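Student: First the structure, which I've put down as structure tokens, then a few questions once you've had a look.
The values are calculated or read from the model by the stated rules, or taken from the named source; none is laboratory data. Small disclaimer: the values here were computed from a predicted structure and weren't measured. Note that we place each Cβ from the backbone using ideal geometry, even for glycine, and neighbour counts take in every protein chain shown.
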């Protein structure tokens, strides 16, 4: 019985054949997503969440610079039940001559933390825009010990209950560091498959 012996190909012939072979096209993003549907959905959702958070930070910075809008945290319940402890309030700086009875305002105190209470009375001050404000917390039975003479205040536009603990936690250095590392890892992971495909195409002539 005769045997058929396959011709032995030299290394040079094998290399020439590999060079003549058309290169394999790298996986497109859609194909990669079809092979890994779960990873694609999770990665896209995380990227969108990071983009929204970044856009929100940019908006807050712009509002702080242009409209003098900032955030304040309520650590006590002196304004409960209107603004309970743990709330975050959006405040805007305005001249004191625009303040009216019933407004909730934040005033600065020398050597002490600012106070945010409701305006009970407004009296003229020494200057044109200066006002003397009598304040009281909604949960308090009496007015504050002394009136406040101010030229500017921060008026509370609205408040979000229960958000203060989350903002305090986000400000912790360990949390900030973890978020930074997580964002960097997410970006690296998102672009990693395309980088691997490029390296394989450059280094593997038989692919």
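Student: With assigned to a loop (DSSP other than H, G, I, E, B), at pLDDT below 95 and under 29 Å from residue 66 (Cα atoms) as the only criterion, which of 146, 85 stands out?
Tutor: 85
Student: Next question, about the same structure. In this structure, is residue 97 out of contact with any helix residue (DSSP H, G or I) (no Cβ under 6 Å at 6 or more places or on another chain), modelled with pLDDT of 65 or more and either closer than 29 Å to residue 66 by Cα or surrounded by 11 or more Cβ atoms within 10 Å (Cβ to Cβ) (or both)?
Tutor: Against the criterion (out of contact with any helix residue (DSSP H, G or I) (no Cβ under 6 Å at 6 or more places or on another chain), modelled with pLDDT of 65 or more and either closer than 29 Å to residue 66 by Cα or surrounded by 11 or more Cβ atoms within 10 Å (Cβ to Cβ) (or both)), residue 97 qualifies.
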